[in-house]
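**Q** One structure, as structure tokens, below. Some questions next.
The values are calculated or read from the model by the stated rules, or taken from the named source; none is laboratory data. It should be emphasised that the depicted structure is a prediction, and the values quoted were computed from it without experimental measurement. Neighbour counts run over all protein chains shown; Cβ positions are idealised from the backbone, glycine included.
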Amino acid sequence: MCAIVGIYGNENAARLASLALFSMQHRGQEATGISSSCEGKIFTKKDRGLVSEVFTDEALNYLKGNMAIGHNRYSTAGGDSILDAQPVFAKYKLGEISIVHNGNLINKKEVRNDLIDKGAIFQTGMDTENLIHLIAKNTKDRLRDRIKEALDRTIGAYCFIIQSRNKQFVIRDRYGIRPLSLGKIKSGGYIVASETCAFELVDAEFIRDVKPGEMLIFSEGHEEPESIQLFEPDFRPCAFEYVYFARPDSFVDGKTVYETRENMGKTLAKNDSTSSTKYDMVVPVPDSGVPAALGYAAQSGIPFKYGIIRNHYVGRTFIEPTQEMRSMKVKMKLSPMRSLIEGKSLLVIDDSIVRGTTSKRIVRMLKDAGAKEVHFRVASPEIKFPCYYGIDTPNKEELISNNMSKDEVCKYIEADSLEYLSIEDLKNSIGNDRNYALESFNGDYFVKK
């Protein structure tokens, strides 16, 4: 789920990269980093913390040059050491290189063990470092050829931006699982970013999405990036980007995230098996449940009310690395509007249920605040399987819908009723014009080792 960005051909590259990362802070809160290139040398600054904390004026003044790459970390591989923050930097035969990565390489252990057997020394626990070693050990004269052969040994979901001393290489895997978009900066140069919401802040115009299996090469003397189709595409964008990850104002592979979430809510209302029940209001779990709740309210005619208030100084709970931190942040983050909900029957809408502990706390919080009934609606299907393509969902044993029926989950979270969106309705809500990565819902692990 990490955020990555590349800026090429702008004298304020590092500052623009920091603005883009700020707009994509929702994709990772553990650490952030930027590498810039100037006069054949790469400068790197990275640290644990938020973008606004790490990238002070002093840090940005250090990051010189007209090209930069950046990363916000949400860990699915590696630990919490600063060494496991990105970009990953190294020196090798062809010079200096820096890499940022969003995704997860499912054959990382096999590749790493093989590299270690051949003498490689690893500094981090990240799968991203595999690519550095594969590139460095290759004997081809051109970096693009080394990258291609390294990717031939790389299996999984990935978006890479690789920066040398004077070029940038942008790669999206053949499935297009994680999003990546290309834009033109009005003050000069190009931007590539995980989400289009980053374009607005740096005053850039959307050009297109990076194609599945494509490599873009930015280099001096070329007004436009060179495009090479490395792999035959088999497009499978991640459905969970539309459910939760992406910001509502982003376009992901041609579809507006806000509208798809609103469609999910409308479909929930159309299919609600308890529609005869009298609800006093539709209440979203902020912020990711808001568009779906608005869609439900519009379809059903039931008033939309902010019965839960969010503290925006607390980050996203799902992407916290431990259950203890997630539980603490739920209490800090959400507060009931007692005067609004007391004695009322609530229709509460959230984007998903993963472990069930957060949903249970929300229901209990609302009932403790005087709600007469709490009916829970989920704008996605039941999550029954872990994801190995860049989402830190837990193992099967921790996924509540893998271990309990819908009625058992309803009883566990102490709701008066519970309904989910079906897989088919999710696809229709997004736009059933392509295959989606739905492994969290149906266990279809289409990327094979």
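**Q** Let me confirm something: among 362, 400, which residue is crowded, with 19+ Cβ neighbours inside 10 Å, touching a strand residue (DSSP E or B) at 6+ places or on another chain (Cβ under 9 Å) and either free of Cβ contacts under 8 Å to residues at least 60 places away in the same chain or farther than 30 Å from residue 179 by Cα (or both)?
**A** Result: 362 is the single residue among 362, 400 that is crowded, with 19+ Cβ neighbours inside 10 Å, touching a strand residue (DSSP E or B) at 6+ places or on another chain (Cβ under 9 Å) and either free of Cβ contacts under 8 Å to residues at least 60 places away in the same chain or farther than 30 Å from residue 179 by Cα (or both).
**Q** Which of the residues belonging to the range 129-150 are within 18 Å of residue 106 (Cβ to Cβ) and more than 25 Å from the chain's Cα centre (by Cα)?
**A** 133, 134
**Q** Among the residues of the range 67-74, is there at least one that is of a type in the set (S, T, N, Q) and not in a strand (DSSP E or B)?
**A** no
**Q** Filter the range 242-258 down to residues that are closer than 19 Å to residue 425 by Cα and of a type in the set (S, T, N, Q), then give me how many there are.
**A** The number of residues fulfilling the criteria is 1.
**Q** Residue under question is residue 69, and the condition is that it be among the β-branched types (Val, Ile, Thr) and touching a residue at least 60 places away in the same chain (Cβ under 8 Å); does it hold?
**A** It is true that residue 69 is among the β-branched types (Val, Ile, Thr) and touching a residue at least 60 places away in the same chain (Cβ under 8 Å).
**Q** Then there's this: Among 354, 363, which is within 28 Å of residue 260 (Cβ to Cβ), assigned by TED's automatic domain parsing to the domain that holds residue 311, part of a loop (DSSP other than H, G, I, E, B) and among the hydrophobic types (A, V, I, L, M, F, W, C)?
**A** 354
**Q** Could you grab me the full set of residues in the range 48-77 that are surrounded by fewer than 18 Cβ atoms within 10 Å (Cβ to Cβ) and on the phi > 0 side of the Ramachandran plot?
**A** Correct list: 49 only.
**Q** Can you tell me which residues in the range 112-141 are over 22 Å from residue 2 (Cα atoms), touching a residue at least 12 places away in the same chain (Cβ under 8 Å) and either touching a strand residue (DSSP E or B) at 6+ places or on another chain (Cβ under 6 Å) or among the polar types (S, T, N, Q) (or both)?
**A** 136, 138
**Q** Of the numbered conditions (1) surrounded by 19 or more Cβ atoms within 10 Å (Cβ to Cβ); (2) in contact with a strand residue (DSSP E or B) (Cβ under 6 Å, 6 or more places away or on another chain); (3) in contact (Cβ under 8 Å) with a residue 60 or more places away in the chain, residue 151 fails exactly one; give the number of that condition.
**A** Single failed check for residue 151: (2).
**Q** Restricting attention to the range 251-262, report how many residues are over 13 Å from residue 349 (Cβ atoms), buried (at least 23 other Cβ atoms within 10 Å of the Cβ) and in contact (Cβ under 8 Å) with a residue 60 or more places away in the chain.
**A** Summing the residues that are over 13 Å from residue 349 (Cβ atoms), buried (at least 23 other Cβ atoms within 10 Å of the Cβ) and in contact (Cβ under 8 Å) with a residue 60 or more places away in the chain in the range 251-262 gives 2.
**Q** Could you grab me the full set of residues in the range 263-284 that are among the polar types (S, T, N, Q) and touching a residue at least 24 places away in the same chain (Cβ under 8 Å)?
**A** Once the filter is applied, which keeps residues that are among the polar types (S, T, N, Q) and touching a residue at least 24 places away in the same chain (Cβ under 8 Å), the range 263-284 yields 263, 267, 271, 273, 274, 275, 277.
**Q** What's the total number of residues in the range 171-213 that are surrounded by fewer than 24 Cβ atoms within 10 Å (Cβ to Cβ) and charged (D, E, K, R)?
**A** 9
**Q** Which pairs have Cβ atoms under 8 Å, sit 6 or more apart or on different chains, and link a residue in the range 414-427 that is within 16 Å of residue 262 (Cα to Cα) to one that is among the polar types (S, T, N, Q) and crowded, with 20+ Cβ neighbours inside 10 Å?
**A** So the pair list comes out as 420/380; 421/267; 421/380; 421/429; 425/267; 426/380.
**Q** Considering every residue within the range 327-348, establish whether at least one is of a type in the set (S, T, N, Q), over 24 Å from residue 248 (Cα atoms), modelled with pLDDT of 85 or more and touching a Lys or Arg at 6+ places or on another chain (Cβ under 6 Å).
**A** Yes: the range 327-348 contains one or more residues that are of a type in the set (S, T, N, Q), over 24 Å from residue 248 (Cα atoms), modelled with pLDDT of 85 or more and touching a Lys or Arg at 6+ places or on another chain (Cβ under 6 Å).
**Q** Give the residues of the range 91-119 that are crowded, with 18+ Cβ neighbours inside 10 Å and among the aliphatic types (A, V, I, L, M), sorted by residue number.
**A** Scanning the range 91-119 gives 97, 99, 100, 105, 106, 111, 115.
**Q** Go through the residues of the range 427-439 one by one and say whether even a single one is in contact with a strand residue (DSSP E or B) (Cβ under 6 Å, 6 or more places away or on another chain), closer than 24 Å to residue 104 by Cα and not aromatic (Phe, Trp, Tyr).
**A** Checked the range 427-439: at least one residue is in contact with a strand residue (DSSP E or B) (Cβ under 6 Å, 6 or more places away or on another chain), closer than 24 Å to residue 104 by Cα and not aromatic (Phe, Trp, Tyr).
**Q** Okay, moving on. Within the range 273-283, can one find any residue that is within 30 Å of residue 10 (Cα to Cα) and either within 21 Å of the chain's Cα centre (by Cα) or in a strand (DSSP E or B) (or both)?
**A** Looking for residues that are within 30 Å of residue 10 (Cα to Cα) and either within 21 Å of the chain's Cα centre (by Cα) or in a strand (DSSP E or B) (or both), one finds none in the range 273-283, hence no.
**Q** If you take the residues in the range 214-223 that are at pLDDT 95 or above and more than 30 Å from residue 444 (Cα to Cα), which one is surrounded by the most Cβ atoms within 10 Å (Cβ to Cβ)?
**A** Filtering the range 214-223 for residues that are at pLDDT 95 or above and more than 30 Å from residue 444 (Cα to Cα), the one surrounded by the most Cβ atoms within 10 Å (Cβ to Cβ) comes out as 218.
**Q** Another question, then. Considering only the range 272-311, how many residues are in contact with a helix residue (DSSP H, G or I) (Cβ under 7 Å, 6 or more places away or on another chain), surrounded by fewer than 21 Cβ atoms within 10 Å (Cβ to Cβ) and among the polar types (S, T, N, Q)?
**A** Total meeting the criteria: 3.
**Q** Next up: For the range 405-421, name all the residues that are under 16 Å from residue 381 (Cβ atoms) and surrounded by 15 or more Cβ atoms within 10 Å (Cβ to Cβ).
**A** 409, 410, 418, 419, 420, 421
**Q** Being out of contact with any Gly (no Cβ under 8 Å at 6 or more places or on another chain) and either of a type in the set (A, V, I, L, M, F, W, C) or farther than 18 Å from residue 430 by Cα (or both) is the filter here; which residues of the range 378-390 pass it?
**A** 378, 383, 386, 387
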